[in-house]
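Asks: Supplied in structure tokens, the structure appears directly below.
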Amino acid sequence: MRTKPLLGQKPWFGPKRLGWGLSPVSPEGWVISAVAVVATVGLAAAARRDRWTALLPVIVLLVIVFLKGTSPGGPREWEQFQDRKNRGW
């Protein structure tokens with residue numbers, strides 16, 4: 001399991017506690033996620049004729065998650081992630 005992101009030292013996204021995948025694990029991850037949601041809704045409302053422009057923030061979010069996230073996983077990987085996080089990476 002990859003516990004360090006591809007870019008930087010601090011992961012912004014880590015394994016999910018419930019289900020499988022990645023979720024925000026730091027304040028930066030939550031801020032980026034919220035900004036992406038607001039930007040997507042705003043672009044969708046502003047560009048009613050061209051809905052494809054609303055996908056731009058989603059694509060940017062996926063790239064950031066890939067670069068600043070760990071390996072995806074479920075509850076078992078989340079426990080391993082928390083254990084390594086508590087030991088100081």
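Asks: I need the full set of residues from the stretch 1-36 which are free of Cβ contacts under 8 Å to residues at least 12 places away in the same chain and either under 11 Å from Pro72 (Cα atoms) or surrounded by 12 or more Cβ atoms within 10 Å (Cβ to Cβ) (or both), in order please. Break it down into steps so the answer makes sense when it comes.
Replies: Narrowing the stretch 1-36 to residues free of Cβ contacts under 8 Å to residues at least 12 places away in the same chain: 23, 27, 30-31, 34.
Selection gives Ser23, Trp30, Val31.
Asks: If the requirement is being at pLDDT below 90 and on the phi > 0 side of the Ramachandran plot, which of these qualifies: Gly74, Gly88?
Replies: On the way: Gly74 fails: on the phi > 0 side of the Ramachandran plot.
None of the other options fit; the residue is Gly88.
Residue-by-condition table, conditions (1) touching a strand residue (DSSP E or B) at 6+ places or on another chain (Cβ under 6 Å); (2) part of a strand (DSSP E or B); (3) not β-branched (Val, Ile, Thr):
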residue	(1), (2), (3)
Lys4	no, no, yes
Ser23	no, yes, yes
Val38	no, no, no
Trp52	no, no, yes
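Asks: Please verify whether Arg76 is touching a residue at least 24 places away in the same chain (Cβ under 8 Å), surrounded by fewer than 16 Cβ atoms within 10 Å (Cβ to Cβ) and part of a helix (DSSP H, G or I), treating the condition exactly as stated. Write out each step before concluding.
Replies: On the way: touching a residue at least 24 places away in the same chain (Cβ under 8 Å): no; surrounded by fewer than 16 Cβ atoms within 10 Å (Cβ to Cβ): yes; part of a helix (DSSP H, G or I): yes.
Against the criterion (touching a residue at least 24 places away in the same chain (Cβ under 8 Å), surrounded by fewer than 16 Cβ atoms within 10 Å (Cβ to Cβ) and part of a helix (DSSP H, G or I)), Arg76 does not qualify.
Asks: Checking Gly69 against (1) surrounded by 12 or more Cβ atoms within 10 Å (Cβ to Cβ); (2) modelled with pLDDT under 90, only one condition comes out false. Which one?
Replies: (2)
Asks: Which one is nearest to Ser71 (Cα to Cα) among residues in the stretch 11-61 that are β-branched (Val, Ile, Thr) and touching a Ser or Thr at 6+ places or on another chain (Cβ under 9 Å)?
Replies: Applying the first criterion (β-branched (Val, Ile, Thr)) to the stretch 11-61 yields 25, 31-32, 35, 37-38, 40-41, 53, 58-60.
Next, only the ones that are touching a Ser or Thr at 6+ places or on another chain (Cβ under 9 Å) stay: 25, 58.
Working: Val25: 13, Val58: 19 Å.
Per the stated criteria, the residue is Val25.
Asks: Pull up the stretch 38-60, narrow it to residues that are of a type in the set (A, V, I, L, M) and surrounded by 18 or more Cβ atoms within 10 Å (Cβ to Cβ), then point me to the one that is modelled with the lowest pLDDT.
Replies: Residues of the stretch 38-60 of a type in the set (A, V, I, L, M): 38-39, 41, 43-47, 54-56, 58-60.
Those left that are additionally surrounded by 18 or more Cβ atoms within 10 Å (Cβ to Cβ): 43, 54.
Values: Leu43: 90, Ala54: 85.
So, considering only residues that are of a type in the set (A, V, I, L, M) and surrounded by 18 or more Cβ atoms within 10 Å (Cβ to Cβ), the one modelled with the lowest pLDDT is Ala54.
Asks: While we're on this one: Quick check: is even one residue across the stretch 43-66 out of contact with any Lys or Arg (no Cβ under 9 Å at 6 or more places or on another chain) and touching a residue at least 60 places away in the same chain (Cβ under 8 Å)?
Replies: Yes: the stretch 43-66 contains one or more residues that are out of contact with any Lys or Arg (no Cβ under 9 Å at 6 or more places or on another chain) and touching a residue at least 60 places away in the same chain (Cβ under 8 Å).
The values are calculated or read from the model by the stated rules, or taken from the named source; none is laboratory data. Note that the structure is a prediction, hence the values are computed from the model and not measured. Cβ atoms come from the backbone with ideal geometry, glycine included; neighbour counts cover every protein chain shown.
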